[in-house]
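Chemist: Handing you this structure, nothing more for now.
The values are calculated or read from the model by the stated rules, or taken from the named source; none is laboratory data. Because the structure is predicted, anything quoted here is derived from the model rather than measured. Neighbour counts are summed over all protein chains in view; Cβ atoms, including those assigned to glycine, are modelled from backbone coordinates with ideal geometry. What goes into the accessible areas is simple: the full protein's heavy atoms, side chains included, and nothing from ligands, DNA or RNA. Shrake-Rupley method; radii C 1.70, N 1.55, O 1.52, S 1.80 Å.
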Amino acid sequence: MNKRLPKNGGSLCSDEPIRSEEDDQLARGRLVDVIAGHILATASPESVAIALNGPWGAGKSSFLNLLEARLSSQQADESNASTPIVIRFNPWHYGSVDQLVRMFFAELARGIGKAGRGELGKKIGKILNAAGALAGVFSSGAGSLLKDAGKALEDDKGLPELKAQLDALLLELDRRVVVFIDDIDRLERDVLRLLFRMVRLNAHFRNVTYVLAFDRLVVERHLDEENGIRGRDYLEKIIQVSFDIPQPEPGMLHRILSDEMSAALDAIETRPLDQHRWANVFNSGFKEHFRTIRHIKRYVNGLRLTLAPVAREVDLVDFLAIELLRVFHPEIYLGIAEEKETLVSERTGSHDRVPSERLREWMAALCEKATPGFQETIAELLQRLFPHLEGAHTNTVYSAPSYREWRKACRVCSSEVFDKFFLLAIPTGEVSEIELASFLDQLGDVAATTATLCKYINSGKARRLLERLEDFIDELPEEHVAPLVTVMFALGDELRFKSQGIFDLTADMQAARIIYQSVRRLESEDDRYDLLLKGIQDGALYTAVQRASLSEPKESEERLISDHARWEHLRDAAVERICDADQDGSLWSLEKLAYVLFRWLEWTAEEEVRKAVAAQIADDTHLVQFLERMVWESRSHTIGDK
C-alpha cells in the first residue's frame with residue numbers, strides 16, 4: 001500500500017548551466033552573437049585570448065554553453081572558412097600541476113584528433129601529447145612524465161621545435177580551434193598563475209582562440225606580485241579582447257524570482273499572502289538580495305524544502321523573510337532563533353518589558369553580522385518582522401489586542417508561533433492551524449464539537465485548543481454561539497488543566513470566559529437569558545453553578561443579564577440542580593465540591609445545607625472523602641519573590 005506523501009514545493013531547481021537558447025531567461029543571445037561573430041571573423045592566424053568576465057553566479061558557464069552552440073551551428077562566414085573546432089577544458093577538475101598541464105594538452109589532442117582530417121589530426125595529437133609531457137616536466141619537475149618527455153627528446157625536439165611544428169600543422173587544418181577554459185577563479189593561486197603562463201607561452205599556438213571565463217577581480221588579486229607588479233597589468237599582456245557579462249536588469253530578475261516563487265508556492269497549500277505586508281517586506285531589502293539567477297535558485301530551492309512542513313502553520317510573508325535570512329545571512333537567522341524571549345515577549349507591564357535601549361543595542365549588534373552592504377536593509381527587515389524592535393525606535397508600546405492579532409495571523413512575532421518558524425514542525429502539545437480550522441468549521445454541530453473537544457481533553461491538548469478558540473470567538477457566525485455554549489456547559493467539568501502561574505487561568509475559568517464571550521455575541525438579552533438557563537439546567541453541575549454566580553448583575557461590571565429577577569431564575573435553577581445532585585449522591589463526588597457548597601449556602605437556608613452535609617459525613621468513609629474534597633490549591637506572590 002502506497003503511503004500518501006504531503007504536498008511539497010515541487011521539484012528542486014538545478015544549478016547546472018543552461019545549454020540552449022530556449023532556456024536563456026536573461027536575453028544574452030545578442031552578446032553571444034557578437035562574440036561568436038568576432039571569433040568567426042578572425043582573419044589573422046595568430047593566437048587570440050578572449051576574457052569573459054563576471055562574478056560568481058553571473059552565468060559564465062551558461063554563456064560558454066550558448067557560445068559553443070552558436071559556433072557549432074554557424075557555418076562559414078564570408079571567407080567560407082569551416083566551422084571552428086570547440087574544445088572545453090576545466091582546470092578545476094585536476095588536483096596537481098602535472099595533471100593540469102598534461103591533461104590540458106591531452107584535451108587539445110583529443111579534440112583536434114576527433115574533429116581533424118584523418119592523418120593530419122593524428123599527427124597534431126601526437127605532437128601535442130609530447131609537448132604536454134615536456135611542459136609538465138618543466139612546470140612541476142614531475143618524474144612521472146619523463147618517459148613521454150624522453151621520447152620527444154630522443155627525436156631531438158624541445159618545446160620550441162614542437163611548437164613550431166604544431167603552428168605549421170594547425171594552419172593546415174584550415175579550421176579555427178576555440179578553447180573554452182572555465183572556473184579559472186576557483187583555482188588556488190599557484191595553479192592559476194601556471195595556467196595563465198601556459199596560455200601565454202607554452203600553448204600560444206597559431207590558429208587557436210582561447211575564451212577564458214573568470215571573475216576578473218579575484219584573478220587580478222591572485223596575480224598581484226610582491227614586487228609591486230599588478231595582476232591587472234599581467235592580464236593585459238595575455239588578454240587581447242575582454243567582455244564583461246552584463247548585470248541582469250533588476251526588473252527582469254524580479255520577474256524571474258516572482259515566477260520561480262509562484263511555481264514553488266503553487267505546489268504547497270499555504271496561508272493567504274498579505275499583499276500589503278509582502279509589498280513592504282519585498283521593498284525593505286528583500287529584493288536587493290537577488291543579483292543573479294544562482295541567488296534565485298538557492299533561495300527557491302530552500303523555500304521548497306523548508307516551507308512544506310509548516311505551510312499552513314505560519315504567516316507566509318514572515319516565512320519568506322525568515323527564509324531569506326536563513327539562506328543569505330545564517331548568522332542573523334541563528335541570532336533570531338536564540339533570542340525568542342527578547343523578540344516576542346507578551347508582557348504588558350512597563351517593568352516587565354525588555355527595555356528599548358537593550359532592544360536597539362541587540363539589533364545593532366546582530367546587524368553587524370550581516371553580509372557587508374546589507375546591514376541597513378537587514379535592520380529594516382527585522383523591524384518589519386518584529387514590532388517590538390520597531391517600537392524600540394518609535395516609542396510604540398503594544399498590548400493584548402496586538403498580540404491576539406499576531407497570534408491569529410500566525411506571525412513570527414507571536415510567542416506561540418515563533419518556534420514553528422525555526423523547528424519547521426508543530427511543537428509538542430501545540431494545536432496545528434489545520435486542527436484549529438477544522439474545529440472552528442464544525443462549531444455549529446453539537447455532536448461533532450463535543451466529540452472533538454473530548455478527544456483533545458483525552459490527549460491533553462484541550463487547554464491550547466480553548467486558548468486558540470478565544471482569538472476567534474468574535475468572528476464566529478452567530479448561529480454557532482448556542483452550539484458552542486451548549487458544549488462548554490456540558491464538558492466544563494471535564495477540563496482538568498491547572499494554572500501554570502499567578503496570571504494564568506485554571507480550566508474552569510477558561511470555560512467560563514468562553515461561555516461569557518460567546519453569549520455576549522447575542523444582542524438580545526432574551527436570547528442570552530434563554531441560552532444561559534438551558535446551560536444551567538442541562539450542563540455539568542459545577543460549570544452551571546459557577547456560571548449562575550458569575551451572571552449576577554452588578555452595577556460596577558458589565559453583565560450578560562441586567563434584570564435581577566431574571567438572574568434569580570438562573571440562581572434558582574442552579575439550586576435545583578444542586579438539590580437533585582444531593583438526592584442522587586453525585587454532588588459529593590464533585591472535584592469542586594467546596595465551591596458548590598459555598599454557593600448553595602449563599603443561596604438557600606443554612607439549615608438545609610448543614611443537614612445535607614451531616615447526612616453525608618455520618619460514617620468515617622464518607623467523612624474522609626468529604627475532607628479530601630475540601631482541600632484546594634491557592635497561590636500568592638509578594639514583593640521580593642522570584
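Chemist: Mind listing whichever residues of the stretch 169-189 are open to solvent by 30 Å² or more (accessible area, probe 1.4 Å) and either within 19 Å of Val86 (Cα to Cα) or modelled with pLDDT under 85 (or both)?
Modeler: Within the stretch 169-189, Leu171, Glu172, Asp174, Arg175 meet the criteria.
Residue-by-condition table, conditions (1) in contact with a Gly (Cβ under 8 Å, 6 or more places away or on another chain); (2) under 27 Å from Glu478 (Cβ atoms); (3) β-branched (Val, Ile, Thr); (4) crowded, with 17+ Cβ neighbours inside 10 Å:
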position: Ser399; (1), (2), (3), (4): no, no, no, no
position: Val417; (1), (2), (3), (4): no, no, yes, yes
position: Val446; (1), (2), (3), (4): no, yes, yes, no
position: Glu467; (1), (2), (3), (4): no, yes, no, no
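Chemist: Just the residues that are of a type outside the set (Lys, Arg) and either at pLDDT 80 or above or open to solvent by less than 40 Å² (accessible area, probe 1.4 Å) (or both), please, taken from the stretch 108-118.
Modeler: Passing the criteria: Leu108, Ala109, Gly111, Ile112, Gly113, Ala115, Gly116.
Chemist: If I ask for residues that are open to solvent by 30 Å² or more (accessible area, probe 1.4 Å) and modelled with pLDDT of 90 or more, which ones from the stretch 495-516 would you list?
Modeler: Across the stretch 495-516, the qualifying residues are Arg513, Tyr516.
Chemist: Only one of (1) modelled with pLDDT of 95 or more; (2) of a type in the set (Val, Ile, Thr); (3) open to solvent by 40 Å² or more (accessible area, probe 1.4 Å) is not met by Ile639, so which one is it?
Modeler: It fails just one condition, (1).
Chemist: Can we say Glu339 is at pLDDT below 95, among the acidic types (Asp, Glu) and over 24 Å from Ala400 (Cβ atoms)?
Modeler: No.
Chemist: Restricting to the stretch 581-601, name every residue that is within 16 Å of Val624 (Cα to Cα) and either touching a strand residue (DSSP E or B) at 6+ places or on another chain (Cβ under 9 Å) or among the hydrophobic types (A, V, I, L, M, F, W, C) (or both).
Modeler: Leu587, Trp588, Leu590, Leu593, Ala594
Chemist: Under the condition of being touching a residue at least 24 places away in the same chain (Cβ under 8 Å) and open to solvent by 10 Å² or more (accessible area, probe 1.4 Å), which residue from the stretch 199-217 is nearest to Leu159 (Cα to Cα)?
Modeler: Here the answer is Asn202.
Chemist: Restricting attention to the stretch 219-235, does a residue exist that is surrounded by fewer than 19 Cβ atoms within 10 Å (Cβ to Cβ) and touching a strand residue (DSSP E or B) at 6+ places or on another chain (Cβ under 7 Å)?
Modeler: No - not one qualifying residue is present in the stretch 219-235.
Chemist: Given the structure, is Gln546 of a type in the set (S, T, N, Q), surrounded by 15 or more Cβ atoms within 10 Å (Cβ to Cβ) and in contact with a Phe, Trp or Tyr (Cβ under 6 Å, 6 or more places away or on another chain)?
Modeler: No: the conditions fail for Gln546.
Chemist: Would a scan of the stretch 349-358 turn up a residue that is over 28 Å from Ile296 (Cβ atoms), open to solvent by less than 10 Å² (accessible area, probe 1.4 Å) and in a helix (DSSP H, G or I)?
Modeler: no
Chemist: Report, by residue number, each residue of the stretch 590-631 that is polar (S, T, N, Q) and touching a residue at least 24 places away in the same chain (Cβ under 8 Å).
Modeler: Thr604, Gln616, Gln625
Chemist: Continuing with this model, one more query. Any idea which of (1) surrounded by 13 or more Cβ atoms within 10 Å (Cβ to Cβ); (2) modelled with pLDDT under 90; (3) not in a helix (DSSP H, G or I) is the one Gln625 doesn't satisfy?
Modeler: (3)
Chemist: Scanning the stretch 210-235 for residues that are among the aliphatic types (A, V, I, L, M) and not in a strand (DSSP E or B), which turns out farthest from Leu67 (Cα to Cα)?
Modeler: So the residue we want is Ile229.
Chemist: Out of the residues in the stretch 280-302 that are of a type in the set (A, V, I, L, M, F, W, C) and in a helix (DSSP H, G or I), state the one that is surrounded by the fewest Cβ atoms within 10 Å (Cβ to Cβ).
Modeler: Looking at the filtered set, the residue picked out is Phe282.
Chemist: Given the criterion loosely packed, with under 15 Cβ neighbours inside 10 Å and not in a loop (DSSP other than H, G, I, E, B), identify the matching residue among Ala365, Ala308. Can you show your working first?
Modeler: Numbers: Ala308 fails: loosely packed, with under 15 Cβ neighbours inside 10 Å.
Result of the check over Ala365, Ala308: Ala365.
Chemist: Across the stretch 236-279, what is the number of residues that are of a type in the set (Ser, Thr, Tyr) and either assigned to a loop (DSSP other than H, G, I, E, B) or buried (at least 17 other Cβ atoms within 10 Å of the Cβ) (or both)?
Modeler: Taking the stretch 236-279 first, the residues of a type in the set (Ser, Thr, Tyr) are 242, 258, 262, 270.
Filter again for either assigned to a loop (DSSP other than H, G, I, E, B) or buried (at least 17 other Cβ atoms within 10 Å of the Cβ) (or both), leaving 270.
Residues flagged as of a type in the set (Ser, Thr, Tyr) and either assigned to a loop (DSSP other than H, G, I, E, B) or buried (at least 17 other Cβ atoms within 10 Å of the Cβ) (or both) within the stretch 236-279 amount to 1.
Chemist: Condition first: β-branched (Val, Ile, Thr) and closer than 18 Å to Phe286 by Cβ. Now tell me which residues in the stretch 367-415 satisfy that.
Modeler: Thr371, Thr377, Ile378, Val412
Chemist: Hey, any hits in the stretch 319-327 for a residue that's over 17 Å from the mean Cα position of the chain (by Cα), under 27 Å from Thr394 (Cα atoms) and either among the aliphatic types (A, V, I, L, M) or open to solvent by 60 Å² or more (accessible area, probe 1.4 Å) (or both)? Write out each step before concluding.
Modeler: Start the filter on the stretch 319-327 by keeping residues that are over 17 Å from the mean Cα position of the chain (by Cα), which leaves none.
The answer is no, given that none of the residues of the stretch 319-327 is over 17 Å from the mean Cα position of the chain (by Cα), under 27 Å from Thr394 (Cα atoms) and either among the aliphatic types (A, V, I, L, M) or open to solvent by 60 Å² or more (accessible area, probe 1.4 Å) (or both).
Chemist: Arg411 versus (1) surrounded by fewer than 20 Cβ atoms within 10 Å (Cβ to Cβ); (2) farther than 20 Å from His329 by Cα: which is the lone unmet condition?
Modeler: (1)
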